[in-house]
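These notes concern the structure reproduced below.
Here, each number is a calculation from the coordinates, and none is a lab measurement. Given the structure is predicted, the values throughout are model-derived calculations rather than measurements. Cβ coordinates were reconstructed from backbone atoms using ideal geometry, including for glycine residues, and neighbour counts include every protein chain displayed.
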Amino acid sequence: MIDALKAGPLGAANEIEGRTTGAETSVIVVDMPPGPGPALHRHPYAETFILLEGRARFTIEGKQIEASAGSVLVAPAHAAHTFENPGPGRLLQVDIHASDRFITEWLVPEAERPQGQVAAPARKQGVMPKRSRAVMPAGIRRELDDAGLMQAFKARPPYQRNDYLHWIARSVRPATQRKRIDQMLDELRAGGVYMAMAHPPSKPTT
């Protein structure tokens, strides 16, 4: 039985870590009104989302996914993800963490989070080892130079530069790698966007 009810900015969240019961998974039951969900984050394990009521808009590795009651989605291990409730009603979902404890790396500094977006319902989090600093491949350097976007890339926060490079490097198929490079270039060119999400600090001021 989940016996710890915690109320936070996202609404009510029942949660339990598997280590307290000898289970290998941890669970959060989210009940939230329309509005932004948790800030962009990732885990060193997969997280499964089961929607029971309402609608949700997920962003997983830069791809937006619309989901409704009855949907099941999975954010793979190390995949940057977030979600929001686009309304009009409440969102009720179960989040299953493939770990006996919650381990989270928050990717957006608090000062850059959109209004209403929070790190998480109040809970003691495990510490996720920081991802290694990515080395820019010569091919990506050429893409940025040819597009005249090297300065725009360097102007992005370190976590974004690192995430773009790791994200592209994880591509298995050449077509996927090409698509991810194009998305990075488009977002750098446009400004104000990061992994298909609004990022006001990088929006051009002129």
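Descending by average beta-carbon neighbour count within 10 Å, the peptides 32-43, 17-28, 186-197 line up as 32-43, 186-197, 17-28, the highest first. Ignoring aspartates and glutamates fewer than eight residues from Lys203 along the same chain, the ones with Cα atoms less than 14 angstrom from its Cα are Glu112, Asp186, Glu187.
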